[in-house]
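*Asks:* Handing you a structure now.
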Amino acid sequence: MHPFYQEEDLFPREFTHAIERPWGVIYHNPDNPDSYDSNHALIYRDRIDNLPAVLKEIADFYLSRGGRPIIYQSILDDGWFGEIADDLAAAGYRSWQEAQHWMLLDADSRITEKADVRRVTAWTDDLAIHLYEAAGEPWEIAVAKRQLENPNTLYFAAYVDDKPVGAIYGHVNDEGICRIDYLLVATAHRGKGLGRALTHAFVTHCRKNNIPCALWPDGDTPRRIYEEAGFRYVVTMMAGRASWNQ
């Protein structure tokens, strides 16, 4: 699973600016300030000698640009933010941990829901209107546009009345492994099996092309969908997050 954990840390490079630092990476996109994945610092436990100095550097960077300092712990440092919660608080951050239940694709999909699902390779403005704005997530528009500029992106959309109302997308990195980055259905079209149909199309493509694929579902409903799609549970990792609290 190690290559997938590395990709979990580095996937924002697909759609935002990445500034390398000795202790990790600063991700920054001032044109999309509402996207947390586009604007946060990634830190590694084994690269830090002076934690208070690093936390101050991160705060200074984002605050000086009118942003909110947000920090992600490398998923490779399983549970670390639980150990340094007091240090984060002393530096002005509120921190918490999230259990990521990682799943690996290792079987064919059993999903039977059908929909008009198409492979998308270029951005069209109807995606913004009928999907992202209709789902209440306009900040993802810039992310999706940028990802569709990358040839390594896999993007599938579900259409109703010839309008894109759902999408699933991910990317294949240089090592040939795939991370599913996002699954979204417009609010008015949820509960109709579109998420399942999209997932089926995506994983079927991966299975046919021998592309290893992993993810962690955000809740019980996505988990059940991914189990139907051929994913199995592998391990739980404790991710760490911190946000400026002043």
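Here is a yes/no grid of residues against (1) β-branched (Val, Ile, Thr); (2) under 17 Å from GLN246 (Cα atoms); (3) assigned by TED's automatic domain parsing to the domain that holds GLU137:
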position: LEU10; (1), (2), (3): no, no, no
position: ARG21; (1), (2), (3): no, no, no
position: ASN29; (1), (2), (3): no, no, no
position: ALA41; (1), (2), (3): no, no, no
position: PRO52; (1), (2), (3): no, yes, no
position: TYR62; (1), (2), (3): no, yes, no
position: ILE75; (1), (2), (3): yes, no, no
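*Asks:* What's the total number of residues in the range 94-110 that are farther than 18 Å from MET237 by Cβ and assigned to a strand (DSSP E or B)? Working first, answer last.
*Replies:* Residues of the range 94-110 that are farther than 18 Å from MET237 by Cβ, as a first pass: 94, 106-110.
After this cut, where a residue has to be assigned to a strand (DSSP E or B) as well, the list is 94.
Counting residues in the range 94-110 that are farther than 18 Å from MET237 by Cβ and assigned to a strand (DSSP E or B) gives 1.
*Asks:* Quick one: TYR169 ticks every box in (1) of a type in the set (Phe, Trp, Tyr); (2) farther than 24 Å from PHE4 by Cα; (3) not assigned by TED's automatic domain parsing to the domain that holds THR16 except a single one, so which number is it?
*Replies:* It is condition (2) that TYR169 fails.
*Asks:* Six or more apart or on different chains, Cβ atoms under 8 Å: show the pairs whose first residue is in the range 36-49 and under 11 Å from ASP77 (Cα atoms) and buried (at least 23 other Cβ atoms within 10 Å of the Cβ) and whose second is modelled with pLDDT of 95 or more and not aromatic (Phe, Trp, Tyr).
*Replies:* ILE43/GLY24; ILE43/VAL54; ILE43/ILE58; ILE43/ILE71; ILE43/GLN73; ILE43/SER74
*Asks:* Here is a further query. Would you confirm, using the coordinates I've provided, whether TYR233 is part of a strand (DSSP E or B), closer than 28 Å to HIS40 by Cβ and modelled with pLDDT of 95 or more?
*Replies:* Numbers: part of a strand (DSSP E or B): yes; closer than 28 Å to HIS40 by Cβ: yes; modelled with pLDDT of 95 or more: yes.
In short, yes.
*Asks:* Considering each of THR204, THR221 in turn, give the residue that is farther than 16 Å from LEU104 by Cα, hydroxyl-bearing (Ser, Thr, Tyr) and in a helix (DSSP H, G or I). Steps first, answer last, please.
*Replies:* Working: THR204 fails: farther than 16 Å from LEU104 by Cα.
Result: THR221 is the single residue among THR204, THR221 that is farther than 16 Å from LEU104 by Cα, hydroxyl-bearing (Ser, Thr, Tyr) and in a helix (DSSP H, G or I).
*Asks:* Mind counting the residues in the range 50-71 that are more than 12 Å from LEU88 (Cβ to Cβ) and crowded, with 19+ Cβ neighbours inside 10 Å?
*Replies:* Looking only at that region, the number is 1.
*Asks:* Sticking with this structure for a sec: For LEU154, state whether it is crowded, with 16+ Cβ neighbours inside 10 Å, outside the structural domain of THR16 (by TED's automatic domain parsing), in contact (Cβ under 8 Å) with a residue 40 or more places away in the chain and not basic (Lys, Arg). Reasoning before the result, please.
*Replies:* Values: crowded, with 16+ Cβ neighbours inside 10 Å: yes; outside the structural domain of THR16 (by TED's automatic domain parsing): yes; in contact (Cβ under 8 Å) with a residue 40 or more places away in the chain: yes; not basic (Lys, Arg): yes.
Yes; evaluated as a whole, the condition is true for this residue.
*Asks:* Being touching a helix residue (DSSP H, G or I) at 6+ places or on another chain (Cβ under 9 Å) and modelled with pLDDT of 95 or more is the filter here; which residues of the range 13-28 pass it? Break it down into steps so the answer makes sense when it comes.
*Replies:* So the first thing to find is which residues in the range 13-28 are touching a helix residue (DSSP H, G or I) at 6+ places or on another chain (Cβ under 9 Å), and the list is 14-16, 18-19, 21-28.
Passing the criteria: ALA18, ILE19, ARG21, PRO22, TRP23, GLY24, VAL25, ILE26, TYR27, HIS28.
*Asks:* Further, regarding this structure: For the range 122-133, which positions are among the small types (Gly, Ala, Ser) and within 14 Å of ALA158 (Cα to Cα)? Outline the logic, then answer.
*Replies:* Kept after step one, since they are among the small types (Gly, Ala, Ser), are these residues of the range 122-133: 122, 128.
Matches in the range 122-133: ALA128 only.
*Asks:* Oh, and also: Run down ALA242, ALA167, ALA214 and say which single residue is crowded, with 20+ Cβ neighbours inside 10 Å, touching a Leu at 6+ places or on another chain (Cβ under 7 Å) and closer than 30 Å to ALA90 by Cβ.
*Replies:* Numbers: ALA167 fails: closer than 30 Å to ALA90 by Cβ; ALA214 fails: closer than 30 Å to ALA90 by Cβ.
Criteria check complete, one pass: ALA242.
*Asks:* Quick one: how many residues across the range 178-202 are of a type in the set (Val, Ile, Thr) and modelled with pLDDT under 95?
*Replies:* Initial filter on the range 178-202 (of a type in the set (Val, Ile, Thr)): 180, 185, 187, 199.
So of that shortlist, the ones also modelled with pLDDT under 95 come out as 180.
Residues that pass the stated criteria total 1.
*Asks:* State which residue pairs qualify: first residue acidic (Asp, Glu) and inside the range 63-83, second residue surrounded by 14 or more Cβ atoms within 10 Å (Cβ to Cβ) and assigned to a strand (DSSP E or B) in any location, beta carbons under 8 Å apart, and separation of 6 or more residues or different chains.
*Replies:* Qualifying pairs under 8 Å: ASP77/GLY240; ASP78/MET237; ASP78/MET238.
The values are calculated or read from the model by the stated rules, or taken from the named source; none is laboratory data. On a predicted model such as this, the values are computed, not experimentally measured, just so you know. No Cβ is skipped: glycine too gets one built from the backbone with ideal geometry, and neighbour counts run over all protein chains shown.
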